[in-house]
Amino acid sequence: MNYEQSAKEQAQRLRRTGHATILALESSCDETAAAVVQDGRRVLSSVIASQIPLHAMYGGVVPEIASRRHVESVDPVVDEALKSAGKTLADVDAVAVTYGPGLVGALLVGVSSAKALAYAAGKPLIPVNHIEGHVSANYIAHPELEPPFVCLVASGGHSHIVRVEDYGVYTLLGQTMDDAAGEAFDKAARVLGLPYPGGPQLDRLAREGNPHALKLPHVQTQGRYDYSFSGLKTALLNAVNRLRQQGQEVPAADIAASFQHAAVELLSEKAVLAARETGAATLALAGGVASNSGLRNTMNDKCQRAGIRLVMPPPILCTDNAAMIGSAAYYRLMHGETAGLDLNACPSLRLL
């Protein structure tokens, strides 16, 4: 029996039992991560090798450097994840991997490694959408959570409001028309001269400033639940340039606080509106921007006033990690979705 037939039969047996221990890999950008996850909800281990110091001198992620570091890190990270979980490769039931979206070279490292591990161990291979992984981080943080619910996905490359109809089934309610929320935060941080990674740096600086010091536009869009951040970013840039041209001091903390306040108000207002108008009892946060303290506090306040339950992962599960990939993979496996050894990276993969 060849690998493909054997893997399919194993996947069928796992679906019948409803149980699976999955080794998951994530390498879509600048974190090399591996985790062992049981039944989509229980994390036995989660290991993340960050590349932040490597890219800080360039002010952002350099794809070629990221890919090379993934090659160096993936085997040690997998070994540590298995060891921390008290497992061997033979003990896990399947291997999962992020195959998109992301940087193509970085994705290829994870996909190639996962295929090699799955083939060597004779285990099913499960492809996972990175964005679905972010949504699924909520299943780890809140084991009682079940669809349907509305989820705001806000990250460096994506800003969506989706209704999670079922595991792996989504309806798009709104999305950004231009910049993603995380991209806007990073650009604002760059204008203020903050080091990489800009978003977390801006969040820390904003806590020291006056969020009402600078009046920034509350951008409206044609779509009721859609976002636009490019005008907000341009208004910030113009305000800073005007101060500099006039020889005035740029109050960085106040400007950071004002930008964060405007962006967070926009994100939270439309997400809560979508949840309320679609009759959702629960609103979830997902993605790297979900770790922003201003967004978490504002969403909590707005949801309490609206009578909507808010769930969100802890910050460590908001940023890129493999535990969320293992969670998403479990539900893909239970729906009969596995991949062959011809699986390829898909850098522009969409959730919807």
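Beta carbons closer than 8 Å, at least 6 apart along the sequence or on distinct chains, pair a first residue in segment 164-186 that is closer than 20 Å to A280 by Cβ with a second that is open to solvent by 40 Å² or more (accessible area, probe 1.4 Å) and part of a helix (DSSP H, G or I) for Y167/M334; G168/R332.
How do the pairs read when you match residues in segment 74-93 that are more than 18 Å from L333 (Cβ to Cβ) with residues anywhere that are in a loop (DSSP other than H, G, I, E, B) and not charged (D, E, K, R), using Cβ under 8 Å and keeping only pairs 6 or more apart or on different chains? Taking only residues 6 or more apart or on different chains, the pairs are V74/S27; A81/A322; L82/T88; L82/V92. Once segment 280-331 is narrowed to residues that are among the polar types (S, T, N, Q) and farther than 30 Å from T17 by Cβ, the residue that is surrounded by the most Cβ atoms within 10 Å (Cβ to Cβ) is N292. For segment 115-155, the tally of residues that are over 29 Å from L273 (Cα atoms), part of a strand (DSSP E or B) and among the hydrophobic types (A, V, I, L, M, F, W, C) stands at 3. Could you tell me whether T98 is β-branched (V, I, T), over 25 Å from E132 (Cα atoms) and modelled with pLDDT of 95 or more? So T98 fails the test. Quick one: is A274 within 29 Å of V191 (Cα to Cα) and not aromatic (F, W, Y)? No; evaluated as a whole, the condition is false for this residue. Taken over segment 1-20, the residue count meeting the criterion of being open to solvent by less than 40 Å² (accessible area, probe 1.4 Å) and either in a helix (DSSP H, G or I) or in contact with a Lys or Arg (Cβ under 7 Å, 6 or more places away or on another chain) (or both) is 6. Quick one: in segment 171-222, of everything that is in contact with a Ser or Thr (Cβ under 8 Å, 6 or more places away or on another chain), hydrophobic (A, V, I, L, M, F, W, C) and not in a helix (DSSP H, G or I), which residue is modelled with the highest pLDDT? Among residues in segment 171-222 that are in contact with a Ser or Thr (Cβ under 8 Å, 6 or more places away or on another chain), hydrophobic (A, V, I, L, M, F, W, C) and not in a helix (DSSP H, G or I), the one modelled with the highest pLDDT is L173. Criterion applied to G133, G102 was being crowded, with 24+ Cβ neighbours inside 10 Å, of a type outside the set (A, V, I, L, M, F, W, C) and under 26 Å from Q12 (Cβ atoms), and the one residue passing it is G133. The listed residues are I48, I52, I65, and the only one of them that is closer than 19 Å to I131 by Cα and open to solvent by 40 Å² or more (accessible area, probe 1.4 Å) turns out to be I48. Against the test of being in a strand (DSSP E or B) and within 19 Å of the chain's Cα centre (by Cα), the options A106, A66, A24 yield a single qualifying residue, A24. When each of G86, G60 is tested for being open to solvent by less than 70 Å² (accessible area, probe 1.4 Å) and modelled with pLDDT of 95 or more, the lone residue that passes is G86. For segment 264-318, the tally of residues that are of a type in the set (V, I, T) and in contact with a helix residue (DSSP H, G or I) (Cβ under 6 Å, 6 or more places away or on another chain) stands at 6. Does segment 283-297 contain any residue that is within 19 Å of the chain's Cα centre (by Cα) and on the phi > 0 side of the Ramachandran plot? The answer is yes, given that some residue of segment 283-297 is within 19 Å of the chain's Cα centre (by Cα) and on the phi > 0 side of the Ramachandran plot. With respect to the conditions (1) crowded, with 21+ Cβ neighbours inside 10 Å; (2) over 22 Å from N297 (Cα atoms), N238 falls short on a single one, namely (1).
The values are calculated or read from the model by the stated rules, or taken from the named source; none is laboratory data. What you are looking at is a predicted structure, and each value in this text was computed from that prediction instead of being measured. Heads up, the Cβs are rebuilt from the backbone with ideal geometry, glycines too, and the neighbour counts pull from every protein chain shown. These area figures cover heavy atoms from the full protein model, side chains too; ligands, DNA and RNA do not enter into them. Shrake-Rupley method; radii C 1.70, N 1.55, O 1.52, S 1.80 Å.
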